[in-house]
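Comments concern the structure below.
Just so it is clear, none of the values below were taken in a lab; they were calculated from the coordinates. Everything quoted here is computed from the prediction, not taken from an experiment. As a convention, Cβ positions derive from the backbone with ideal geometry for all residues, glycine included, and neighbour counts pool all protein chains shown.
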Amino acid sequence: MVLLPLFDSDPYHIHLIISVGLMIYLAMTWNIVGGLAGQVSFGHATFVGMGAYASTLLFINYGLTPWLGMIAGGLLAVVVSLMVGLPCFRLRGAFFSLSTLALAEVVRIVVVNTERIGPFEVRGAAGILVPLKGDAPGLFQFNGKVPYYYIIWMMIGAVYYISYRIKTSRYGLFLSAIADDEEAARANGVNVLKAKMLALMVSAFLAAIGGTFYAQFYRSVDPVNVLAVGFSMEIVLMAVVGGTRFLHGPIIGTLILAPFGEVVRASLGGSFFGLHKIIYGMVLVAVILFFPNGIASLPDLIRGRVKEKQNLHAAGVGAEE
Amino acid sequence: MLKVRGITKRFGGLRVLEGIDMDVSAGEFVGLIGPNGAGKTTLFNVLTGMLPLNSGDVTFLGRNITNWPGNRVFLAGIARTFQVVRPFYSLSCRDNVLVAYKAKFGNAGADEAAMEALEFLGLGKKADKPASELNLAEKRKLELARAMVAKPKLLMLDEVMAGLNASELDDMIDHIRRLKQSLALTVIAVEHIMHVIMSLSDRILVLNQGKLIADGTPKQIAANEEVIRAYLGEDSNAAS
């Protein structure tokens, strides 16, 4: 995978893989709060959008390089996550999820209807274009696609490592307990609100960095795309289909769904608009029915079946004797 | 050790607990009994911070812990089990216990303490099995292991014997006795199995329709007319 650009220099293929890579990254950032902590948020695109808008507007207005702008975007997303998490985390289950959906829509509608925020021209639904500076690595811009390819895979590696460190830490144990049974976790000493908030803040910060990558790669930021509920839902879908209890679950889910979605959109997008979403839905239903813990649980399922057959066989042999 | 004054808990117009006063001394084994719907689990939930109370005070070891959140109550030294057993199903037995230990003491000595607790309750060999693979008796013991690893001062058991067969019951009684002795625990136990709670308890409190109607030794409670009426109704032939 790392050496792919050496063998396939077709810009479309590289673009496709980068798009898929970005979805993998975003699904993994979502999984920090959605999978590790079991808090299903439907507003993840809000944090992606924060990063995209923040770094782009700081670049346009103050010439700040997006390499630093992404940190500002990340911090903005953390502040927003505090404002979202503190009220929403007092709600449980579906109520929490719905509240994140509602807040995300509020943000999108406000941005769509806002031309200016202080010195920053947000330009409402039209969105903003990233000023083109040619080949300017210091400004997170490259003429070819190959540098973005390597950057996104490094970002995926980084978020995987962060997720792994969280999951294997004491804090990760608390998050797993919360995901299983929040009340029992609280009754056994876990500060549930603090743990959930930390997960959300980390997730938001990393998602915002993904938003900066989005802006620099696609060269435009508009609320219809980057703040869309559909975008949040796709991110959730990738993680759920792959398996939220596994660090590699979002990777598997995205590798299965996203390339397919891109190809369908590209080839049939004109005549069958939204067909990829129908197919996503069908895949989701199939996963819920046959792999309720996600496709990444397939090895465990097979091991379980084999063990069951062995036990039955042993019981049968024992009975005969 | 535990002082409860005037606890009232309402759910809308429904008064579930009314003016509960109780004292529990260090080292006591206090049974809490009452008919279904008397408010026993609600009282547990209010004392352990799972539910807010409407009025009243709870003092534990001299500190006012009224309306403290559940995790703070646990860290203060009160551990509980649940009426419907609630292990962390996706975690191994070891990790179940580690959650409680690490919440209170951090990482130092965690693995040793977890294994010690599991071995004490006969779950040593199942340390790496997910809690979902345990039977009911084992799950109840896992909850006890999770409670004991944090070295509580007060252990609150909510129908810990429910659903156990005769030999599992004897096993559980033995574990509770040994646990109480080894950790010098104070215990409050809700139980419906009368011969068990009568044999274990130093003192029994009886709850009926949200009110404390009796407080005495097992012998006194067994002979208490109001307690008998609460369980069997007005027209009872419970003289025997």
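Given charges of +1 on the Cβ of Lys and Arg and -1 on the Cβ of Asp and Glu, with all other atoms neutral, how large is the dipole of chain A about its Cα centre, in debye to the nearest 20? The partial results should precede the final answer.
Values: 21 positive and 17 negative charges, 98 e Å.
The dipole of chain A has a size of about 460 debye.
Ranked from highest to lowest mean number of other Cβ atoms within 10 Å per residue, what is the order of the peptides A:301-313, A:246-258?
Numbers: A:301-313: 10.4, A:246-258: 23.4.
Ranked by mean Cβ neighbours within 10 Å, highest first: A:246-258, A:301-313.
Which of the peptides B:15-23, B:134-142 is most tightly packed, and how do the rest follow, judged by the mean count of other Cβ atoms within 10 Å per residue?
Numbers: B:15-23: 18.2, B:134-142: 20.1.
Those peptides, ordered most packed to least, come out B:134-142, B:15-23.
Over its Cα atoms, what ratio of radius of gyration to 2.2 N^0.38 Å does the protein assembly as shown give? The partial results should precede the final answer.
On the way: Rg = 28.7 Å, N = 561, 2.2 N^0.38 = 24.4 Å.
Compared with the compact-globule rule of thumb, the protein assembly as shown sits at 1.18.
Using helices alone, I'd like the mean residue ellipticity at 222 nm for the protein assembly as shown: each DSSP H run of four-plus residues gives -39500 (n - 2.57), total over residue count, nearest 500.
Values: 23 runs with 323 residues, N = 561.
Mean residue ellipticity, 222 nm, calculated: -18500 deg cm²/dmol.
Could you please rank A:Thr168, B:Thr81, B:Thr41, A:Thr212, placing first whichever residue has the fewest other Cβ atoms within 10 Å of its Cβ? Provide the component values of the computation, followed by the final result.
Numbers: A:Thr168 11, B:Thr81 24, B:Thr41 19, A:Thr212 30.
With the fewest neighbours first, A:Thr168, B:Thr81, B:Thr41, A:Thr212 line up as A:Thr168, B:Thr41, B:Thr81, A:Thr212.
Listing A:Phe290, A:Phe217, A:Phe47 from the residue with the fewest other Cβ atoms within 10 Å to the one with the most, what is the order? Present the calculation step by step, with values, prior to reporting the outcome.
Numbers: A:Phe290 10, A:Phe217 21, A:Phe47 35.
The most exposed by this proxy come first: A:Phe290, A:Phe217, A:Phe47.
Please say if region A:4-228 is rounded, prolate or oblate, where rounded means a/c under 1.5 for a ≥ b ≥ c the square roots of the C-alpha gyration tensor eigenvalues, and otherwise the choice is prolate for a/b larger than b/c and oblate otherwise?
Values: a/c = 2.27, a/b = 1.44, b/c = 1.58.
Note, shape of region A:4-228 comes out oblate.
About its Cα centre, what dipole magnitude does region A:1-157 give when the only charges are +1 on Lys and Arg Cβ and -1 on Asp and Glu Cβ, stated in debye to the nearest 20? If you can, show how the numbers build up before the last one.
Details: 7 positive and 6 negative charges, 81 e Å.
Here the size comes out at about 400 debye.
Looking only at other chains, what is the average number of their beta-carbon atoms within 10 angstrom of each beta-carbon in B:89-96?
Details: counts 2, 8, 6, 0, 0, 0, 3, 5.
Partner-chain Cβ atoms within 10 Å, mean over residues of B:89-96: 3.
Where a ≥ b ≥ c are the square roots of the eigenvalues of the C-alpha gyration tensor, would you call region A:162-321 rounded, which needs a/c under 1.5, or, failing that, prolate if a/b is larger than b/c, or oblate?
On the way: a/c = 2.88, a/b = 1.32, b/c = 2.19.
It comes out oblate by the Cα gyration axes.
Which of the peptides A:153-164, B:166-177 is most tightly packed, and how do the rest follow, going by the mean number of other Cβ atoms within 10 Å of each residue? Write down the numbers at each step before the final one.
Numbers: A:153-164: 16.7, B:166-177: 14.8.
Descending packing order for the listed peptides: A:153-164, B:166-177.
Ignore the peptide's own chain and count Cβ atoms of other chains within 10 Å of each Cβ in B:141-153; give me the average, rounded. Numbers along the way, then the final one.
Working: counts 0, 0, 3, 0, 0, 4, 2, 0, 1, 2, 0, 0, 0.
Mean inter-chain Cβ contacts per residue within 10 Å come to 1.
Which of the lysines could a cross-linker bridge to B:Lys180, judged by Cα under 18 Å and excluding same-chain residues fewer than eight apart?
Hits, sequence-local ones excluded: B:Lys141, B:Lys151, B:Lys153.
DSSP beta bridges in chain B, what fraction antiparallel, as a percent rounded to 5? Can you show the working numbers first?
Working: 20 of 36 bridges.
That works out to approximately 55 percent antiparallel.
Once you sort the root eigenvalues of the Cα gyration tensor of region B:130-174 as a ≥ b ≥ c, which label holds: rounded (a/c under 1.5), prolate (a/b larger than b/c) or oblate (the other case)?
Numbers: a/c = 2.20, a/b = 1.28, b/c = 1.71.
Taking the square roots of the gyration eigenvalues as a ≥ b ≥ c, region B:130-174 is oblate.
Need the list of lysines near A:Lys133 for cross-linking: C-alpha distance under 28 angstrom, and skip anything on the same chain fewer than eight residues off.
A:Lys145
Over chain A, what relative contact order in percent results from Cα pairs under 8 Å that are six or more residues apart? Display every interim value, and only then the final one.
Working: 468 pairs, mean separation 94.4, N = 321.
That works out to 29 percent.
By count of other Cβ within 10 Å, fewest leading, how are B:Met161, A:Met70 ordered? Before the final figure, lay out the partial values.
Working: B:Met161 21, A:Met70 25.
Ordered by Cβ neighbours within 10 Å, fewest first: B:Met161, A:Met70.
Which whole number gives the average count of other chain Cβ atoms within 10 Å of the Cβ atoms across peptide B:62-74? Display every interim value, and only then the final one.
Numbers: counts 0, 0, 0, 0, 0, 0, 0, 4, 10, 12, 3, 3, 5.
Mean partner shielding for this stretch: 3.
Assign unit charges at the C-beta atoms only (+1 for Lys and Arg, -1 for Asp and Glu), then state the dipole size of the protein assembly as shown relative to its Cα centre in Debye, rounded to the nearest 20. Intermediate results must be reported in sequence, preceding the final value.
On the way: 50 positive and 44 negative charges, 221 e Å.
Using Cβ point charges on Lys, Arg, Asp and Glu, the protein assembly as shown gives about 1060 debye.
Tell me which of A:Leu36, A:Thr65, A:Pro223 sits at the most positive position along the dipole axis of region A:4-228, charges placed on C-beta atoms (Lys, Arg +1; Asp, Glu -1).
After comparing all options, I get A:Leu36.
So for region A:112-170, Kirkwood radius off the Cα pairs, Stokes-Einstein at 4 °C and 1.567 mPa s: how many µm² s⁻¹?
On the way: Rh = 14.9 Å.
Result for D is 87 µm²/s.
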